[in-house]
Amino acid sequence: MRQLTLATGTFETHRKPTRRERFLADMEKVVPWQDLCAVIAPYYPKGENGRPPVGLERMLRIYFLQQWFNLSDPGAEEALYESVSMCRFVGIDLGREPVPDETTILKFRHLLEKHHLGKKLFREVHRHLESQGVKVTQGTIVDATIINAPSSTKNKEGKRDPDMHQTKKGNQWFFGMKAHIGVDSKTKVIHAVVATAANVHDATILPDLLHGEETKVWGDSAYQGQSDVLRQHAPKARDLTNRRYRYKGVVNEVERARNRIKSHIRSRVEHVFGVIKGVFGFVKVRYRGLEKNAHRLFVTCALANLYLVRRRLLRPLRV
């Protein structure tokens, strides 16, 4: 018994927190759990009939784990049984209670989708950040990225998802949806989100990505020629979108140099897409239909905002 105690103590002494544990510890502190639960509470079952429902905050934590670690409904259940850090984050003691099964997790997701709560959660996170001093300024970067969808017809319907479409980028064809975002040029906070099929041109969504008080707007060359749109929807904005610098094989070096200067700011939007696609793994759609995937996009963008400014939010807590 003495040897066992010593061995256990030695293990605990040299144990190192994992990257996942550090990430979840930060998210525990920066997510406004009470405020987000208040958004969902009016739609959540009260347990007046039948079996009492699982606690709302617990289900929300599981749902956020799905977004952070790109987990399906059954994948989330299995991950909770396998990961001690995830169980601790959700507040489950496997010695006393089981993990909510995949059907319970699916029903909670369907509840959020049915009542379009993804947009409300996104707005609530935005309101929370403003209350913490993280405010949208007068510069907006606009951009879009393609989220791939399965192009196979080997399914029950024998056809591809009708809400998804194909588009050509460079010399390569892609099939799926497109995520359009408007990002603050200073804080990199996403303040506008639109989901469309992949074949919708970036420039057509520009009005929906502006808050109207901009003095500067950056974008890649897909947004060039939209000066009239900018004047209508953001009258004070200066058009800093990239311009075409190559025509019939001739390179305009002056325009190319201007684009390079603009890209120092415009490239910040790539950091945001790096979180959405690289950190959270949202590179492929998980569900059939644009509406469900758009809901996931809103929630992912809300969580990406918290992740991007987490150090600023945690700073007072660490003093």
In the chain the accessible area split gives carbon plus sulfur, as whole percent at 1.4 Å, a share of 50 percent
For the range 165-223, averaging the sequence separation of alpha carbon pairs under 8 Å that lie six or more residues apart and dividing by its residue count, the contact order in percent is 29 percent
Cα-based Rg then Dmax for the chain, in Å, read 22.6, 82
Between the modelled labels at Arg123 and Leu314 (7 Å from Cα along Cα→Cβ) the distance in nm is 3.1 nm
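Based on the mean of other Cβ atoms within 10 Å per residue, sort peptides 89-98, 274-283 so the most packed one is first. Write out the running numbers ahead of the final one.
On the way: 89-98: 12.4, 274-283: 17.0.
Peptide ranking by packing, descending: 274-283, 89-98.
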Looking only at aspartates and glutamates whose Cα falls under 12 Å of Lys114's and that sit 8 or more positions away or on another chain, we get Glu291
Restricting to Cα pairs under 8 Å and 6 or more apart, the percent relative contact order of the chain works out to 19 percent
If each K or R counts +1 and each D or E counts -1, the residues other than Val285 whose Cβ falls under 9 Å of its Cβ total +4
Taking Cα atoms only, helix 73-82 is inclined relative to the longest principal axis of the chain by an angle, in degrees rounded to 10, of 50 degrees
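Express the relative contact order of the range 193-319 as a whole percentage, based on alpha carbon pairs under 8 Å and six or more residues apart in sequence.
Worked out over the range 193-319, it gives 21 percent.
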With the 1.4 Å probe rolled over protein heavy atoms, the chain has an accessible area per residue in Å² of 56 Å²
Checked against the positive end of the charge dipole of the range 169-319 (+1 on Cβ of Lys and Arg, -1 on Cβ of Asp and Glu, about the Cα centre), the farthest of Val279, Gly225, Gly170 is Val279
Flagged as over-length at 19 Å C-alpha distance, from Lys119/Lys156; Lys119/Lys159; Lys186/Lys216, the pairs are Lys119/Lys156; Lys119/Lys159
The answer for the net charge of residues other than Leu24 whose Cβ lies under 13 angstrom from its Cβ, with Lys and Arg +1 and Asp and Glu -1, is +4
The local net charge around His116, scoring Lys/Arg +1 and Asp/Glu -1 for residues other than His116 whose Cβ lies under 12 Å from its Cβ, equals +3
Between Glu255 and Tyr43, the two model label points (7 Å from Cα along the beta-carbon direction) sit apart by a distance in nm of 4.6 nm
Zone reached by a paramagnetic label modelled 7 Å from Leu94 Cα along Cα→Cβ, restricted to the range 34-71 with backbone N below 14 Å, covers none
If N is the residue count of the range 158-257, its Cα Rg over 2.2 N^0.38 Å rounds to 1.25
Quick calc of log₁₀ I(q)/I(0), the range 185-319, Debye, one scatterer on every Cα, no solvent, q values 0.14, 0.15, 0.18, 0.19 1/Å, result -0.80, -0.90, -1.17, -1.24
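The values are calculated or read from the model by the stated rules, or taken from the named source; none is laboratory data. A quick note: this is a predicted structure, and the numbers were derived from the prediction, not measured. Here Cβ is always computed from backbone atoms with ideal geometry, including for glycine, and neighbour counts include all displayed protein chains. Quick note on the areas: whole protein, heavy atoms, side chains included, nothing else; ligands and nucleic acids left out. Shrake-Rupley method; radii C 1.70, N 1.55, O 1.52, S 1.80 Å.
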